[in-house]
Every structure is written in structure tokens, then in C-alpha cells.
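J.: Could you have a look at this structure, given as C-alpha cells, before my questions?
Taken together, the values in this text are just the output of simple stated rules run on the coordinates, not laboratory data. For clarity, every value in this text was computed on a predicted model and none was experimentally measured. Cβ placement follows ideal geometry from the backbone for every residue including glycine, while neighbour counts extend to all protein chains displayed.
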Amino acid sequence: MGKISKEMLTKIKGHFSAKYGIEMDDWSAMVMTEISQRFQFLTHSVDKSVTQIDEAAKNIKGEVTQITFKNKQEAFGLGVGFSAPIAGACSFIAALIFWYQTSTEEYRQLKRIAQAYGNVHSYKILMQEGEIVKREGQYCLTLTLADKGAGDILIGKEYVFDGRTKRILIPLGRN
């Protein structure tokens with residue numbers, strides 16, 4: 001620490017002799033002085049830390065407000081009141097993301113089909129008007145034989161039998 005003067009050593013020896021009735025040598029007095037100085041330094045550091053802790057505790061107490069409730073239902077209502085709007089917003093956003101993802105995937109799949117089959121647009125009216133039934137594990141388009149004398153054929157409802165080529169013709173629309 002610092003230099004110890006002769007006067008300081010004499011004071012320490014005198015204080016020790018007065019207190020305990022035993023005379024102290026110079027070496028012991030120097031060690032005692034060194035210990036006292038270090039102890040005073042540590043005491044000062046501890047006091048400073050305690051002061052800082054007390055100030056921090058006062059600041060924390062000043063910033064925290066305590067809320068008291070009459071019953072558990074009131075406390076639960078306040079807790080739900082804080083979290084419900086956030087939970088609702090998160091749920092809504094999650095639903096939007098899910099809807100966007102699924103509709104985007106559906107759109108991509110339909111786009112792939114339309115690009116793979118160039119004549120898919122010709123089947124538009126047939127898809128809108130046609131009736132599909134399940135028969136023996138297979139899906140079938142139901143049509144009736146068109147009346148040749150009636151003129152117009154109902155697209156998606158009727159077919160024409162071409163006896164010459166022995167084919168069934170299903171009208172898809174006019175250009």
C-alpha cells in the first residue's frame with residue numbers, strides 16, 4: 001500500500017499495548033498496518049457496492065407497479081385481455097399463410113395441367129356442364145343420345161353417334 005511512518009508504527013504499538021497489555025514488535029506493527037489498510041480499502045469497496053445496489057433497488061421499485069385483484073376471475077380476465085388480441089392476430093396471420101400456400105399450390109397444379117395439354121381450353125364448357133358419376137370404382141361422364149331432329153346439341157349433356165365411322169362424338173362447343 002503506502003509507506004508507513006515511524007509515528008504511525010508508534011501509534012499502532014501504543015494502541016495494541018493499551019488494548020491487550022502486550023508490547024508489539026516493529027514487524028508485527030507493519031503487518032498489522034498493512035492488514036488494516038487493505039481492510040479499509042475493502043470496506044470502502046463493499047460500502048460503495050452496497051450503495052449502488054440500494055440505488056438500483058430503489059429504481060426497480062419505482063418502475064414496477066403492483067396490481068391487485070379482487071378474485072382469480074378478474075386476474076384471469078386481465079391476462080386474457082393482454083394476450084387475446086395477439087393470439088387472434090397470430091391465428092389470423094397463420095390462416096392467411098395456410099390459405100395462400102394451398103391456393104398457390106392448387107394454381108400451380110392447374111397451370112401445369114393446362115400447359116401439359118394444349119387443348120384443355122376446348123374442354124371448358126364440357127367441364128362446366130358435364131355430369132360425372134362413379135360406377136364400379138370408375139368415374140364416368142354421363143351423356144344421352146342427342147335428337148338429330150332437334151338441331152342444337154346440349155354440350156356436356158348429349159352426344160352424337162356417327163354410324164359411318166362407328167364413333168361417339170361429344171360436342172365441345174362452337175368456334
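J.: Helix-only mean residue ellipticity at 222 nm, the chain, DSSP H runs n ≥ 4 weighted -39,500 (n - 2.57), per residue, nearest 500. What is it?
T.: Details: 4 runs with 104 residues, N = 175.
After summing the helix terms and dividing by the residues of the chain, the value is -21000 deg cm²/dmol.
J.: Would you indicate which of [x] -0.58; [y] -0.75; [z] -0.34 is the value of log10 I(q)/I(0) by the Debye sum over Cα atoms at q = 0.09 Å⁻¹ derived from the coordinates of this structure?
T.: Read-out taken from this structure: [y].
J.: Segment 1-79: which GluC sites (Glu not before Pro) are DSSP loop and have at most 10 other beta-carbon atoms within 10 angstrom? List each step's numbers first, then the result.
T.: Details: sites: Glu7, Glu23, Glu34, Glu55, Glu63, Glu74; in loops: Glu23.
Loop-located and lightly packed - Glu23.
J.: Another question about this same structure. For segment 164-170, what does the Karplus curve 6.51 cos²θ - 1.76 cosθ + 1.60, with θ = phi - 60°, yield as ³J(HN,Hα) per residue in whole Hz, taken in order and with x for Gly and Pro?
T.: 5, 9, 6, 10, 9, 9, 10
J.: Please go through segment 102-148 and write out the chymotrypsin sites (Phe, Trp or Tyr not before Pro) that DSSP classes as loop and that have at most 13 other C-beta atoms within 10 Å.
T.: Details: sites: Tyr107, Tyr117, Tyr123, Tyr139; in loops: Tyr117.
The qualifying sites are Tyr117.
J.: Also: Among the lysines in segment 110-175, how many pairs, 8 or more places apart or on different chains, have alpha carbons under 26 Å apart?
T.: Qualifying lysine pairs in segment 110-175: 10.
J.: Calculate, for Thr165 and Phe92, the FRET efficiency according to 1/(1 + (r/R0)^6) with r their C-beta to C-beta distance and R0 41 Å; round to the nearest 0.05.
T.: Working: r = 59 Å, r/R0 = 1.44.
Using R0 = 41 Å, I get an efficiency of 0.10.
J.: Please work out the Cα center distance from segment 48-80 to segment 99-175, rounded to the nearest Å.
T.: Answer, in whole Å: 72.
J.: Oh, and also: I'd like the chymotrypsin sites (Phe, Trp or Tyr not before Pro) in segment 1-99 restricted to DSSP loop residues with at most 12 other Cβ atoms within 10 Å, sorted by number. Please list the in-between numbers first.
T.: On the way: sites: Phe16, Tyr20, Trp27, Phe39, Phe41, Phe69, Phe76, Phe82, Phe92, Phe98, Trp99; in loops: Phe69.
The qualifying sites are Phe69.
J.: Also, I was wondering about something else. Counting only trypsin sites (Lys or Arg not before Pro) that sit in a DSSP loop (anything but H, G, I, E, B) with at most 11 other Cβ atoms within 10 Å, what is the longest stretch of the chain containing none of them?
T.: Result for the longest clean stretch: 71-147.
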